[in-house]
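Asks: Take a look at this one; I'll ask things after.
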Amino acid sequence: MKTIFGYKEKIIERESEIKKLSQYLDPITNNKFGGVVYIEGKAGIGKTRLVTELQQNYKNKEELNWIFLSCDIARRVSFNPFTAFLNEFFDQSPENQGETNKSNFEDKLHSLYGEIENEKIKYEIIRTRSFLGALLDLHWKNSLYEELEPKNRYENILSALQNFFYALSLIKPTVIVLDDSNWIDNDTVKFLKLLCINAEDFPFILLILCRQNEDASPFALNFENDIPLHRMIIEPLSREESRKLIDYYLNLDLDEKKELPDKTVDLIHEKARGNTLILKQVVDFIKSREIIDNDLIIVDRFEIPDNIDELINAKFESMHPDLKEVTKMASVLGKNFTIKVLGEMLKNRNIDKYIHEGKRKNIWHSLSKVNQSFENESVYKAIYNKVLTNESTKYHKLAAKSIEKVYEGNLQSHYSELAYNFEMADVESKAVFYLGKAAEKAREMYENQAALDYYTKLHHILENSAAKNENILLDILLQKIDLFILLGNTREAETKLSGIDLTRIDQKEIIDKFYYLQAKLYATIQNYLELEKYVISSLGKVKTKVYKFHLEIFYIHALWFLNKYRELEDRAKFLFEVFRKENEKLFEAKLANSMANYYLRKSQYENAMKFFRRHYKIVAEQKDKILIQIALRQIGVVYFRQGHRQKARKFYEESLKLAENIGNKNECSKLNSDIASVLATDGEVKEAIFFYKKGLELARSVANKVQEGLILYNIGESYFRLEDHQTSMEYLEASKKICRQISDNVGITYANDLHGDILMSLKRFEEAKTIYQENLILQQETDDKEGIAHTLGNLGLVAEKEKDLTGAEKLYKKQQQTLAVIGDKEGEGKALFNWGMMEKDRNNLERAKEKLEKALKLFTECSYKSGEKLAKLQLEMIDEESPARENN
C-alpha cells in the first residue's frame, strides 16, 4: 500500500536534506521505530515537495508504505487528518449504500488481519473493529462500541487507530507524513503521542511538516522524553539551487533545451527569495504574460510581482471565468475538498474538466481518488480571499446543501462542516441545529475539547440572535461548565457558575442542573466543607430527581471526608430505602460502592465486602461491563486485605478478562499489579515481577505516569526482597525520575524510603542518611506530618547505627511528638517502642520500661495486636533482667 503525493513534477535536489532524511529512515528498514522528525520551514519553502522527492528517490522505496495525512485549516475537527486516509483505505464512498460501505470495510479489515503475524495486534484489530468503524460512521447493533460509555469509547478509538497503524508497519515499514501540522486538532495530538509510546519494535517514522509558531518558537507536540526526536530546518534555496529549478521550469515545454541566462536567474531568484512556491508562481507569471523571449531573457521585469498573494491574484485573473468560479467554490469547502461535493455544487457542469485544469495551473493536487488539496495554504487563502461578500453567502449555502445531498442519511461526520457553512451563509436555524448535533456527537465520542468549542460557537450565535432565549442560553452554558470540569479547568467553571443569575430562568430542570454542577465542582476540587454547606442549603430546592439524588451522593462523600461517620451511616441507611422505593438501581449501586470504600478505608472488611457485593449484584443485573469489571476488582481487594489471597487472585483475574475485552488499559495495568502483589505476598517474587512488568508496559502504553511510577517502585521493592540491591535501586531511581516529571513528591519519598532501607542493609549509613534527609525536606515542603515522623524514625535508626545515641534519642522524641499531634496511635507506639529498645540496648532499663509501657498502652488502644505482643515480650524480658542485675 502506498499513497503517492500530488506533486508529479521534478523538484530541486536538496541533496544534503535528502541524505539526512534517508538516514532517519534507516531504523525502520531494520524493523525498529524511527521516532519523530519535524521538518520546519516557511510556507512555500518546499517541505512537502522535499518529502515527495525523498519518496521518489529513496533507495528502497518499494519496500516502504508511504502514508500522507493533511491537517485542514478549515476543518480542525477531531481526528480530521485520518478520515480521508481511512475512507480511501477501506473503500468508503458517499455513492455507496451503507451496507456496501460496511461490506467494503469488513473485506479490507479481513485482508489486513490475514497479513498480520503478531497475535496481540490481530486480537486488538478484531476487538476494536467497531471503534475503527465508528470513525467512518459505521455502526453495528450490540457492538462493543454501543455497549460502552463515551470515555471508554474514546480510549478504544485511540487503541483502534494505534493498532491499525502498528499493523500496517508490521506488514511493511511505514513512513507517516503529517502536512500542515500547525492546524492539528487536540485529539490527533493525543493519538500521535500515544502511537509513539513503547513503539520500539514497530517500524514506522513520523514526519511532521510545520512552520514556526506565531511567536517564532519552534512548533512541537511535546512527545515523551525517551522518543527519538529530530528537527530539520528547511532554508531558502541557494542561487544555484534556484537556477536548477528555474532551468527545469522554463525548459519544460520547449522542444530544444536552451541555456539559461544569468540575468534571468538573478531576477527570478531575487523575486522568489529562495521560496519554492513563489519561484514556481513567478515562472508561471512570466510564461503566462509572455514577457520572456526565445533566448529565455525576460523583456519586462518591472511588472513581475514578488508577493505570493499578488502572484496568485494575477494567475486567478488570467483564468477562464468558469474556472474562476469553480476555484472559489472549492475554496469555501476548505484547503482539502471532496470532488463529489464540488461536483454537486457545480450541478451539470463537467467536474473532471475543472479538476484537471486546476491541477494544470498548479492550483490544487490530488490527495486521493476522491479528494483534492489546494497546492499550499497560501494559495488556498489567496483564492478564498477572492470570494466576495455576496458570493460567500451564496457559495457557503450551496456547499452546505451539497454536503447534505451527497452524504444524505450519513451526516454524522459532517455536522461541523454543515454548521460552519450554514453559519457563513447566515442560515441561523440550520447552523444552530448542526452545531448542537456536532457537540452531542463529540460528547458521545468523549472529544470534550471539540464539544466545548461547538457549544461556545452555539452560545455566541444564540446570544446575538433576534430570538434570544435565556433558558436555552443557560442550558448551553451549563453544558460548557460541565465540560470545563471534565477537562480540569475548574477555575473557568467556577467563574462561569458565579456569573449566572437564576432569577432570569423559569425552567426548573435547568435551575436544578445548576445546583448539581455547583456541587459537582466542589466535589471535584475536594472542597468538602463548602460541599456539605452547599448541599444542605440546596437540597430542598432541587425537584428534578436525578439531580437531587446526585446531590445526596455528593453529601455522603462530604460527610466521609469530614469524618462525620455516624451521620454518614445514618444518611446512607435512609438513602438505601429511598433508592429501593424509587427503583433507582444505579444510584443504589453508587451508594453501595461509596459505603464499601468507606468501610474499606476503616479496615472494616466484612462491611466493605457486604456493600461491594451489593454493588456487584446491581451492576451485574444491569449488564454494565465497565461497572462489573470494577466491582470484581474491588471484591478482590477486600479478599486481599483479609488475607484470602487466592480468592483475591480469582476475582482479579475475572476482572482482568473483562478489562481486556473492554480495552481499559489503565485497569489492566492495575490488575496485573494486583496479581503481582498477591504473588509477592506469597513469596513468589520472581513471578510477581513478571506481572508487575506487564502492568508497567500497559501503564506506559497509555502514558499513565502515576501508575508507571508506582509499579517501578513495586518492582524495586521486589528485587529488594530477592536481595538484588543494585537492580532494586535502578528501578527506584526510575520511579523517582517519573515522579519528578509529574511533581509527585509523595512518590519520591516512598522510593527514597526504600532506597534508604537498602543502603542501611548494606551498612552504607552516610548514604542512607543523605537519602532520608532529602525525604525530610520534601515532606516538610508538603507538610506531610506522617511522612516526617516516619523519616525522623529512620534518621534515628541511622544515628543508632553510628553510635550517636544522644542524636537518636532526640530524633525518636521528635518522631513521637509529631505522631501524637496527628493522632496516629499505632505510629506513636512504634516510635516509643524503638526508643525503648534503644534505651534497653544502653542498659537504661527504667527508661526502656517507661517507653515500652507507653507503647503497649497505645497498641492496645488501637488494637495493634502484633505490637502488643512484641511490647509485652520486651517488658517481660526487662522484668527478668532487672532482679538478676540487682542480685549481682
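The values are calculated or read from the model by the stated rules, or taken from the named source; none is laboratory data. Quantities reported herein were computed from a predicted structural model and do not represent experimental measurements. All Cβ positions, even for glycine, are placed from backbone atoms using ideal geometry, and neighbour counts span all protein chains on display. Calculation scope for accessible area: heavy atoms of the full protein, side chains included, ligands and nucleic acids excluded. Shrake-Rupley method; radii C 1.70, N 1.55, O 1.52, S 1.80 Å.
Asks: Please compute the Kirkwood hydrodynamic radius over the chain, one decimal place, Å, based on all pairs of different Cα atoms.
Replies: This gives a value of 32.5 Å.
Asks: Consider a paramagnetic label point 7 Å from the Cα of Arg273 along Cα→Cβ; state which residues of region 40-64 have an amide N under 14 Å from it.
Replies: Flagged as within label range: 42-45.
Asks: Given the C-alpha centroids of region 346-363 and region 190-229, what is the distance between them in whole angstrom?
Replies: 36 Å
Asks: Let me know the shape class of region 733-882, please: from the alpha-carbon gyration tensor, a ≥ b ≥ c as square roots of the eigenvalues, rounded when a/c is under 1.5, otherwise prolate if a/b is greater than b/c, or oblate.
Replies: Prolate, since a/c reaches 1.5 and a/b exceeds b/c.
Asks: Taking the Cα atoms only, what angle lies between the long axis of helix 508-524 and the longest principal axis of the chain, rounded to 10 degrees?
Replies: Tilt of helix 508-524: around 60 degrees.
Asks: Taking 0.36 nm per residue of sequence separation and subtracting the Cα-Cα distance, how much length would be gained by fully extending the chain between Ile291 and Asn307, in nm to one decimal?
Replies: 3.9 nm
Asks: Percent relative contact order of region 239-304, based on C-alpha pairs within less than 8 angstrom and at least six residues apart?
Replies: 33 percent
Asks: Let me ask something else. Just the accessible area per residue of the chain, please: how many Å² with a 1.4 Å probe?
Replies: 47 Å²
Asks: Go ahead and estimate [θ] at 222 nm for the chain from helices alone: -39,500 (n - 2.57) per DSSP H run with n ≥ 4, summed, over the residue count, rounded to 500.
Replies: -22000 deg cm²/dmol
Asks: Round to the nearest 0.05 the FRET efficiency obtained for Glu876 and Lys813 when R0 = 22 Å and r is the Cβ-Cβ distance.
Replies: After rounding to 0.05, the efficiency reads 0.30.
Asks: How large are Rg and Dmax for region 563-653 when only the alpha carbon atoms are used, in Å?
Replies: 13.3, 38
Asks: If you don't mind, there's one more thing I want to ask. Give me the number: length gained by fully extending Glu463 to Lys61, i.e. 0.36 nm times residue separation minus the C-alpha to C-alpha distance, one decimal in nm.
Replies: Between Glu463 and Lys61, full extension yields 139.2 nm more.
Asks: Moving to a separate point now. What net charge is computed for the residues neighbouring Ser169, neighbours being all others with C-beta under 13 Å from the C-beta of Ser169, Lys and Arg scored +1, Asp and Glu -1?
Replies: That works out to -3.
Asks: Hey, another quick one. Contour minus end-to-end for Ile73 and Asp26, with contour as 0.36 nm per residue of separation and end-to-end as the Cα-Cα distance?
Replies: Gain on stretching Ile73 to Asp26: 13.7 nm.
Asks: How high is the relative contact order of region 563-653? Use alpha-carbon pairs under 8 Å, at least six apart in sequence, and give a whole percent.
Replies: The normalised contact order for region 563-653 reaches 19 percent.
Asks: Just the number, please: carbon plus sulfur as a percent of the accessible area of region 563-653, 1.4 Å probe, no ligands or DNA/RNA counted.
Replies: Its accessible area is 45 percent carbon and sulfur atoms.
Asks: What's the angle, to the nearest 10 degrees (0 to 90), between helix 745-761's Cα axis and the longest principal axis of the chain?
Replies: 50 degrees
Asks: Give the residues of region 418-442 whose amide nitrogen is closer than 12 Å to a point set 7 Å from the Cα of Leu388 in the direction of its Cβ.
Replies: none
Asks: In nanometres, what is the gap between the two model label sites at Glu697 and Glu723, each 7 Å from Cα along Cα-to-Cβ?
Replies: Each label point lies 7 Å from its Cα, and together they span 3.1 nm.
Asks: According to a simple spin-label model (label point 7 Å from Cα along Cα-to-Cβ), what is the distance in nm between Lys108 and Asn843?
Replies: That separation, rounded to one decimal, is 8.8 nm.
Asks: Then there's this: For the chain, what relative contact order do you get, as a whole percent, if you take Cα pairs closer than 8 Å and at least 6 residues apart?
Replies: Rounded, it is 7 percent for the chain.
Asks: Relative to the longest principal axis of the C-alpha atoms of the chain, give the angle of the C-alpha long axis of helix 565-581, reported between 0 and 90° and rounded to the nearest 10°.
Replies: 60 degrees
Asks: Now for a separate question. Which residues among region 584-617 fall inside the zone where the amide N is under 18 Å from a point 7 Å beyond the Cα of Phe561, along Cα→Cβ?
Replies: Counting backbone N atoms under 18 Å from the label point, the list is 591, 593-602.
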